[in-house]
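Report on the following structure.
The values are calculated or read from the model by the stated rules, or taken from the named source; none is laboratory data. Just so it is clear, the model here is predicted, and its values are computed rather than measured. Note that we place each Cβ from the backbone using ideal geometry, even for glycine, and neighbour counts take in every protein chain shown. For the accessible areas, the whole protein counts, side chains as well, though only heavy atoms, and no ligand, DNA or RNA atoms are used. Shrake-Rupley method; radii C 1.70, N 1.55, O 1.52, S 1.80 Å.
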Amino acid sequence: EVQLVESGGGLVQAGGSLRLSCAASGFPFDDYVIGWFRQAPGKEREGVSWLSSSDGSTLYADSVKGRFTISSDNAKNTVYLQMNSLKPEDTAVYFCGADLSWVRGSHIATTSDWYDYWGPGTQVTVSS
């Protein structure tokens, strides 16, 4: 059974940092794409950052480039999102999703419709 669980959210002041974790189980961890998405009240879910398992390729949304870093620890089956220089507009529920249909050598799919498995989310609140 595929399972994803996020952790690490919380309340932080603008300019602060948080590190989110996505613990995965139930699928081969060496062949996947993990994406971080976020959703604020009344808004659509938007992609934040993505990582492919085979070569460690990463992508970032323009809104977080230079501030967020995605990484993984394969021994722990965990993907991380280090968030620095947080802004109030980063406030949202953050979800990790798994794209298990990804084929090695193909581009990373960045839209949420490609991700069939999701964690329950973790709340990030950035105060001004």
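Table for the structure above
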{"read-out": "Measure of compaction for the stretch 50-101 (Cα Rg per 2.2 N^0.38 Å)", "value": "1.22"}
{"read-out": "Heavy-atom accessible surface of the chain: percent carbon and sulfur, 1.4 Å", "value": "47"}
{"read-out": "Solvent-accessible area per residue for the chain (1.4 angstrom probe, square angstrom)", "value": "51"}
{"read-out": "Coordinate range along principal axes, alpha carbons of the stretch 72-128, Å, largest first", "value": "42, 28, 21"}
{"read-out": "FRET efficiency, 1/(1 + (r/R0)^6) with R0 25 Å, evaluated for VAL2 and ARG104 via beta carbons", "value": "0.85"}
{"read-out": "Compactness index (Cα Rg / 2.2 N^0.38 Å), the chain", "value": "0.98"}
{"read-out": "Paramagnetic label zone (point 7 Å from Cα along Cα-to-C-beta, ASP31; backbone N under 19 Å) in the stretch 87-128", "value": "98-109, 115-117"}
